[in-house]
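The values are calculated or read from the model by the stated rules, or taken from the named source; none is laboratory data. None of these values were measured; they are calculated from a predicted model. Cβ sites come from the backbone with ideal geometry, for glycine too, and all protein chains shown count toward neighbours.
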Amino acid sequence: MQMVASSSGEQLAVETLGEPQQGTILLVMGATASMLWWPQSLVQALAEAGYQVIRFDHRDTGRSTTHPPGEISYTIQDLADDLLAILDAYKVERAHLVGMSLGGYLSQIVALQHRERVATLALLSAEPLGRTYEGEGIAPALLEHFGAMESLDWNDHAAVVAFLLRDAELCAGTAQPFDVAAATTRIEGELSRTQSMASAFNHGSIGGELDPGLQIDRLRLPLLVVHGSADPVIGVGAARASAAAVPGAELMILP
């Protein structure tokens, strides 16, 4: 089922699958990414396990409210508040949050500010909120690739597909062959659903101050941390720090 949720005047495209026999799972994707980044096979498996699964397009992605490139007025707190707006729209009092990258950061904010709304938390390739960690930053190859975005013609469909495909390849793990067909299908799907693919990169300019008291160390709920051993965006040290910060947390490192 598809619907639109309203958050601070922004319209968020939302999709659900399954019934909440075991509860509701809210999937929160990372920066620049629409709901299509969640594999349909994963969403289907969770629904078949008895959950209502909710996924959505962040602001400036997919069919949600889109602003011109470079024109961003929302903050990190606004994006976190979007999660609550979606739960409210579906009348979900308490949900399991699964956050990928930026989505993990937002999920931590919600779990700390609204503990009663979060049953469990899963962080996928995410940084710990308010905690430093050891490890390298973004891989040089990715930084070089993003630098090429300045000269990218966003009206050239083939060039945009090639750019996004290379982005996906550089972000992928190395233990399995890169699935070019699956990535291309997702990219074409995203391009068909958005007014401005370039606007998704507004996420790189998100600002806003958070309460310094918002720290992962203060989380007291079941936590699963999943990370790739060679993550080229957020080093695996982030996962180790997250798991160490929360009593009873489960750490799963994938090759």
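Quick rundown of the values:
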quantity	calculated
All positions within region 111-133 that are in contact with a strand residue (DSSP E or B) (Cβ under 7 Å, 6 or more places away or on another chain) and in a loop (DSSP other than H, G, I, E, B)	125, 126
Any hit, region 44-54, residues being under 18 Å from residue 123 (Cβ atoms), among the hydrophobic types (A, V, I, L, M, F, W, C), in a helix (DSSP H, G or I) and under 15 Å from the mean Cα position of the chain (by Cα)	no
Options 225, 233; residue that is under 18 Å from the mean Cα position of the chain (by Cα) and modelled with pLDDT under 95	233
Output for region 63-84, where each listed residue is over 20 Å from residue 128 (Cβ atoms), among the small types (Gly, Ala, Ser) and buried (at least 17 other Cβ atoms within 10 Å of the Cβ)	64
Of all residues in region 156-201 being of a type in the set (D, E, K, R) and not in a loop (DSSP other than H, G, I, E, B), the one that is surrounded by the most Cβ atoms within 10 Å (Cβ to Cβ)	190
Region 78-92 residues that are more than 21 Å from residue 203 (Cβ to Cβ) and assigned to a helix (DSSP H, G or I), paired with ones that are modelled with pLDDT under 95 and among the aliphatic types (A, V, I, L, M) (beta carbon under 6 Å, 6 or more apart)	89/5
Region 32-43, subset in contact with an Asp or Glu (Cβ under 7 Å, 6 or more places away or on another chain) and outside any loop (DSSP other than H, G, I, E, B), residue surrounded by the most Cβ atoms within 10 Å (Cβ to Cβ)	35
